[in-house]
Amino acid sequence: MTRRPRIAMIEDNEDNRLLGRALLEDRYDVIEFATGPDGLSGILAEPPDLVLLDISLPGMDGREVLDHLRADPRSATLPVVALTAHAMAGDREHLLKLGFDAYVSKPIVDEQDLLKTIERLLPGREGGLA
Ligand code: MN
């Protein structure tokens, strides 16, 4: 794709949003949402190329947001990456079973892991970093 990919980040922690934006904005257009309902309506109004989705969110948690995204034809096949706290390590395989395409640990300390995960899932990418 020639245009910059658009990534939606739904994350209620402002520090995590700032860090995510700092790591991504050189390569991608980043749109941020702080609650599940805001993220869901924003994504459905203008679907991005990939979603980074926190699990613990006010209003509607990440699992519920994912269910709504998968149920809507505008977003059913969007790549969705779960942002998971280290303490949730035991739940990660469960997240894949729920339909998340991948997960990334928070706080994000491994920039390459994040970028590789995103590039692997973006439509039309060969899986390598450009
Ligand atoms: Mn959270």
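Some points to look at:
- Filter result (touching an Asp or Glu at 6+ places or on another chain (Cβ under 7 Å) and within 16 Å of the ligand (Cβ to nearest atom)) within segment 1-20: Met9, Ile10, Glu11, Asp12, Arg17, Gly20
- Residue list for segment 21-34, restricted to those being surrounded by fewer than 18 Cβ atoms within 10 Å (Cβ to Cβ) and either free of Cβ contacts under 8 Å to residues at least 40 places away in the same chain or within 12 Å of the ligand (Cβ to nearest atom) (or both): Arg21, Ala22, Glu25, Asp26, Asp29, Ile31, Ala34
- Meets criteria (touching a helix residue (DSSP H, G or I) at 6+ places or on another chain (Cβ under 6 Å) and crowded, with 16+ Cβ neighbours inside 10 Å) for Gly42: no
- Criterion: at pLDDT below 95 and closer than 16 Å to Pro123 by Cβ - qualifying residue of Arg92, Arg3, Arg27: Arg3
- Among (1) under 15 Å from Tyr103 (Cβ atoms); (2) within 16 Å of the ligand (Cβ to nearest atom); (3) open to solvent by less than 10 Å² (accessible area, probe 1.4 Å), the one test that Leu50 misses: (2)
- Which listed residue is out of contact with any strand residue (DSSP E or B) (no Cβ under 8 Å at 6 or more places or on another chain) and either open to solvent by less than 30 Å² (accessible area, probe 1.4 Å) or over 15 Å from Leu53 (Cβ atoms) (or both), from Val81, Val109: Val109
- Any hit, segment 62-73, residues being in contact with a strand residue (DSSP E or B) (Cβ under 7 Å, 6 or more places away or on another chain), touching a residue at least 12 places away in the same chain (Cβ under 8 Å) and either among the hydroxyl-bearing types (Ser, Thr, Tyr) or open to solvent by 10 Å² or more (accessible area, probe 1.4 Å) (or both): no
- Which listed residue is farther than 17 Å from Leu18 by Cα and not hydroxyl-bearing (Ser, Thr, Tyr), from Leu52, Leu57, Leu69: Leu69
- Which numbered condition Ala8 misses (of (1) open to solvent by 70 Å² or more (accessible area, probe 1.4 Å); (2) in a strand (DSSP E or B)): (1)
The values are calculated or read from the model by the stated rules, or taken from the named source; none is laboratory data. Just so we're clear, the structure is a prediction, and the values are computed from it rather than from any experiment. Cβ atoms come from the backbone with ideal geometry, glycine included; neighbour counts cover every protein chain shown. Remember, those area values only see protein heavy atoms, side chains included, never the ligands or the DNA or RNA. Shrake-Rupley method; radii C 1.70, N 1.55, O 1.52, S 1.80 Å.
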